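Shown next, in structure tokens, is the structure this report addresses.
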Amino acid sequence: MTDPLPDFRAEHGLADPTASHWHLRVGPANLRLPNFAWRQAAIDAHDLHHVMTGYPLTMRGEVQLAAWEWGAGRYPDWRATVFCAPLIVMGVLLMPRLTWKAFCRGRTSRSLYPRKAARQPRELRAFASIKSAHRPLGSLEVRSDRFVD
């Protein structure tokens, strides 16, 4: 199976997801926004969600996808939640049925986002209450919020 992202991004004229900035078109305005690390970490899954769901790269499609992601499991970073919340509000006010339908569709789906944000080794030790690392931390895997050897 081939990676659909390069074709999807080329078809829609999307910039390199690791670029320092990205452009958001709102009506006639073209806003240049910083491409924060949290956005860079989320964008591959977000774009794959567009491919999976068929929601278009339009304001309506982004609202629907935001509602779907809230139902299926949104990106686990508060900044992403703050960024997407206005889309959900806009959807509830301007297109409530489509927004609700996308959310319900998401509730029966699973997003590609991780359940928890990635943590650094020191944070992992604190999260697992590990006082000292007797073995390399690389030998631990995170699965379902538990640590498994």
> How long is the gain from LEU93 to SER20 if the chain were fully straight, where each residue apart is worth 0.36 nm and the alpha carbon distance is subtracted?
Replying inline: 23.0 nm
>> If I take R0 = 22 Å and measure r between the Cβ atoms of TRP100 and THR58 in this structure, what FRET efficiency does the formula 1/(1 + (r/R0)^6) give, to the nearest 0.05?
In response: 0.75
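Pulled fully out, how much extra length does the chain show between ASN30 and ASP7, if you take 0.36 nm times their separation in residues and subtract their Cα-Cα distance? Each step should come with its number before you reach the end.
Values: separation 23, 0.36 × 23 = 8.28 nm, distance 2.32 nm.
6.0 nm is the gain from fully extending ASN30 to ASP7.
Every read-out reported here was derived from the displayed coordinates using simple, explicitly stated rules and does not represent laboratory data. What you see is a predicted model; the values in this text were computed from it and never measured. So basically every Cβ, Gly included, is an ideal-geometry build from the backbone, and we count neighbours across all protein chains shown.
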